[in-house]
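Here is the structure we will look at.
The values are calculated or read from the model by the stated rules, or taken from the named source; none is laboratory data. Treat the numbers as computed from the prediction; the structure is a model and nothing was measured. Every residue, glycine as well, gets a Cβ built from its backbone with ideal geometry; the counts of neighbours run over all protein chains shown. The protein model used for the area step is the full one, side chains on, heavy atoms only, and it has no ligands, DNA or RNA in it. Shrake-Rupley method; radii C 1.70, N 1.55, O 1.52, S 1.80 Å.
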Amino acid sequence: MRGFTLKIEMIKDKMMNRITITLSIIIIFISSLMAADYDQTQKIVATTRYIGDAFGNSVSISGDYAIVGAPEHSWDVLGLNYKASAGAAYIYKWNGSMWVQEVKLVAMDRAESDKFAYSVDIDGDYAVIGAHAEDEDANGLNTMSGAGSVYVFKRNASTWTQQAKLVAGDRNNGDVFGTDVSISGDYIIVGASYEDDDVNGSNPLSAAGSAYIFKRDGSIWTQEAKLLAQDRESNDYFGHCVCIDGDYAIIGAHYEDDDINGENEKQAAGSAYIFKRSDVLWNQEAKLVALDRDAGDTFGGSVSISGDYAIVGALNDEDDALGASPLSFAGSAYIFKRSLTSWNQDIKLTASTRASYDYFGNAVSISGNFAIVAAYKEDEDFSESNTVSSAGSAYIFKLAGENWISEAKVVASDREENDFFASDVCITTERALVGAKYEDYLAVGGSVYDNAGAAYMYEIPAENASSISLVSFSAQVSRGKVELFWNTESETNNAKFILYRNDLAIAFIDGAGNSSEAHDYFFCDNQVKPGVSYEYILADVDYSNMETRYANEAVVIMMSENTMIKELSLAQNYPNPFNPVTAISYQLPTTSNVVLNVYDLNGYIVKTLVSATQEAGAYMVKFNAASLTSGMYIYRMTAGNEVITKKMVLMK
């Protein structure tokens, strides 16, 4: 998901004495920002646009769907029933040639000044929308001014229906629950940056801030955890921005003062916190601060996380990537990389041609090998000319090998003064979406509505797409070793594969380069021990040394202390229900011809997961149902003359 930030303007009182930091990182910036063609493919505006809507204040993309928030919009879905700044969100769908508005969303209990869609996110069939100024609880009762709420919508075909209204279990006046939101699978995280209390509802610290995790079970969303910084203090604004990806969440606290040891206080230097899920518990794994932190940087004003990487914006930072050449409020962003349980600063990003008051880092987003950083008050176009005050711009970075390279600067094709292009940003491996909340014109010119807002879509060049089409990746235990199998349907520019065991690279296998044919691969890991759990992740590397990890296809093997298996067994898939990936485990007492198929309720095979002769042992295979519709499916395993059948539910 993207990071999101409010505009923060504060006077920084930086000392003249500066710390020189030597980093063992090669920082590469390509001055020819047009090295890759990141073409603007469409300008998006609301069908019911009005003056001052701030459409584009928040944006997000997931596959062929995009969502754009307009928190100042005042009309219902029919353009009637005026309620000032009640707010609205718009969902767009890619129809193969353009983005088409599919639906306008408003809260069922909409009211004046709720600012519904101040924050938005979308993942698969679910959209989550924050209304941080909303006053009532989930039943429309117990009014508390500015307590805040969040709304969950679910897609069924082309219809989006409000599924739930979420509020904090300990809601109170002025908490602004919903300042930022993020969704990943069955989990939602919500920021409440003005919340005061600890997890027990005591020890109030004014605006210390908090974040809340909600989990879905069927159609019910339940609060699973309240997250706080271990070193919480008043006015930290923890929860100002949030992002979740799988088992990891990142939370910004842009006014926090201390370093990772709770020392070296620097007012509003800022920090961010990483939490990791273990079953139903979310534990703080790391506190992140900039290596060159200084007072007033507001590091943590925007955050995003994807796989092993996190990005944190510091829009008020003054210094360049080397900690020199101060320019007031030029801004910066920092990328951190995970190594087991440690998160280390990988690089500091700044604009290629930085200037004072650009606010580079006001919003950030990271996905796979791509990151985007907003600079909503930047003045120049992509050629660094044609100055237009606060027109805004965004910068796209790409991970090539171990280095983050500046790929492109993008601006609106119809840029104008004070558009605030890059009010918010979101990037995937295929597209980037940029909001411009104060843009005035229709998609093709025409009527002027001051500050109605717009959003702009950009395509990631095709050569940057994943270099392989991965069909399956599986593992099995055989005679005290782990055998790994994977196959591809096609490969493009695939130089090699890397196999990771518990984040350690253990094998490098040559790829097929450019091939439209299927290929099968195998590796045997004999460096394993009984009683230990191992996670294996596959990655491919293209000829430009860009690595893509397939974290969603990871397999986990538990090496049993007792390897004797007495009978054939097929476990219930986990998780169940699932969306869209689940794991199926089974055990073979003897060498067998194994076939494992998934069927729909009409009896048609939708996927063959295994068709091979396998030795006695424990096995696990992942099933990715991203291309299938919600519903019940049957999986059946045949091993020799024995057959076992079970049911599973895909719930998108």
Original post:
Cα-based Rg (one decimal) and Dmax (whole number) for the stretch 581-652, in Å?
Top reply: 12.4, 37
Original post:
Based only on the alpha carbon positions, what is the Kirkwood hydrodynamic radius of the stretch 310-362, in angstrom?
Top reply: 11.2
Original post:
Where Rh denotes the Kirkwood radius from the mean inverse Cα pair distance, what is Rg over Rh for the stretch 134-219?
Top reply: 1.01
**OP:** Of the options H73, V541, G301, report the single residue whose Cα projects farthest towards the positive end of the charge dipole of the chain (beta-carbon charges: Lys, Arg +1; Asp, Glu -1).
**Re:** V541
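What is the mean projected area of the alpha carbon convex hull for the stretch 361-435, to one decimal in square nanometres?
Working: hull surface 18.6 nm².
Averaged projected hull area, Cα only: 4.7 nm².
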Subject >> Dipole moment magnitude, nearest 20 debye, the chain about Cα centre, only Lys, Arg, Asp, Glu C-beta charged >> reply: 1880
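Determine, for each peptide in 573-584, 329-340, 498-509, the mean count of other beta carbons within 10 angstrom over its residues, then list the peptides with the highest first.
Details: 573-584: 18.1, 329-340: 22.2, 498-509: 14.7.
Averaged packing, sorted descending, gives the order 329-340, 573-584, 498-509.
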Original post:
Going through the stretch 75-131, which chymotrypsin sites (Phe, Trp or Tyr not before Pro) have at most 16 other Cβ atoms within 10 Å and a DSSP loop state?
Top reply: Y82
Original post:
Which values of log₁₀ I(q)/I(0), to two decimal places, follow from the Debye formula for the stretch 258-378 at q = 0.12 Å⁻¹ with a uniform point scatterer at every Cα?
Top reply: -0.41
**OP:** Determine one quarter of the surface area of the Cα convex hull of the stretch 335-478, which equals its mean projected area, and express it in nm² to one decimal.
**Re:** 11.9
Original post:
Taking N as the number of residues in the stretch 213-288, what value does Rg over Cα atoms divided by 2.2 N^0.38 Å take?
Top reply: 1.19
**OP:** List the pair-distance distribution P(r) of the stretch 520-652, using every Cα-Cα distance, as the percent of pairs falling in each 5 Å bin from 0 up to the bin containing the longest distance, rounded to whole percents.
**Re:** 2, 9, 17, 20, 19, 16, 10, 5, 2, 0
**OP:** Taking just the C-alpha trace of the stretch 498-586, give me its Rg and Dmax in Å.
**Re:** 16.0, 49
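Determine the relative contact order of the stretch 468-602: mean sequence separation of Cα pairs under 8 Å and six or more apart, normalised by residue count, in whole percent. Walk me through the intermediate numbers first.
Details: 260 pairs, mean separation 27.0, N = 135.
Contact order relative to length: 20 percent.
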**OP:** Compute log10 of I(q)/I(0) for the stretch 154-199 with the Debye formula, placing one identical point scatterer on every Cα and leaving out solvent, at q = 0.21, 0.27, 0.28 Å⁻¹, to two decimals.
**Re:** -0.82, -1.08, -1.12
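Pairwise over distinct Cα atoms, reciprocal of the mean inverse distance: report the Kirkwood radius of the chain in Å, one decimal place.
Details: mean 1/r = 0.0391 Å⁻¹.
Its Kirkwood hydrodynamic radius stands at 25.6 Å.
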Subject >> Solvent exposure ordering (accessible area, 1.4 Å, most first) of H73, H132, H519 >> reply: H519, H132, H73
Original post:
In vacuo Debye scattering of the stretch 135-292, one point per C-alpha: log10 I(q)/I(0) at q = 0.11 Å⁻¹?
Top reply: -0.42
**OP:** Compute the relative contact order of the stretch 477-516 as a whole-number percentage, counting only Cα pairs closer than 8 Å that sit 6 or more residues apart in sequence.
**Re:** 39
**OP:** Quick one: give the max-minus-min coordinate of the C-alpha atoms of the stretch 38-187 along each principal axis, largest first, in Å.
**Re:** 47, 36, 28
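For Cα pairs less than 8 Å apart in space and 6+ apart in sequence, what is the mean separation divided by the residue count of the chain, i.e. the relative contact order in percent?
Values: 2045 pairs, mean separation 66.7, N = 652.
Averaging sequence separation for qualifying contacts and normalising by length gives 10 percent for the chain.
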**OP:** Obtain the radius of gyration and the Kirkwood radius of the stretch 420-510 from its C-alpha atoms and give Rg over Rh.
**Re:** 1.28
**OP:** Could you look at the stretch 279-416 and say what percent of its accessible area is carbon and sulfur, using a 1.4 Å probe and all protein chains?
**Re:** 50
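Compute the whole-percent fraction of alpha carbon pairs in the stretch 82-152 spaced more than 15 Å apart. Display every interim value, and only then the final one.
Details: 1347 of 2485 pairs.
Considering the stretch 82-152, 54 percent of its Cα-Cα pairs are separated by more than 15 Å.
Can you give me the % of accessible surface on the stretch 122-242 that is carbon or sulfur? Probe 1.4 Å, all protein chains present, nothing else counted.
With neighbouring chains kept in place, the figure for the stretch 122-242 is 43 percent.
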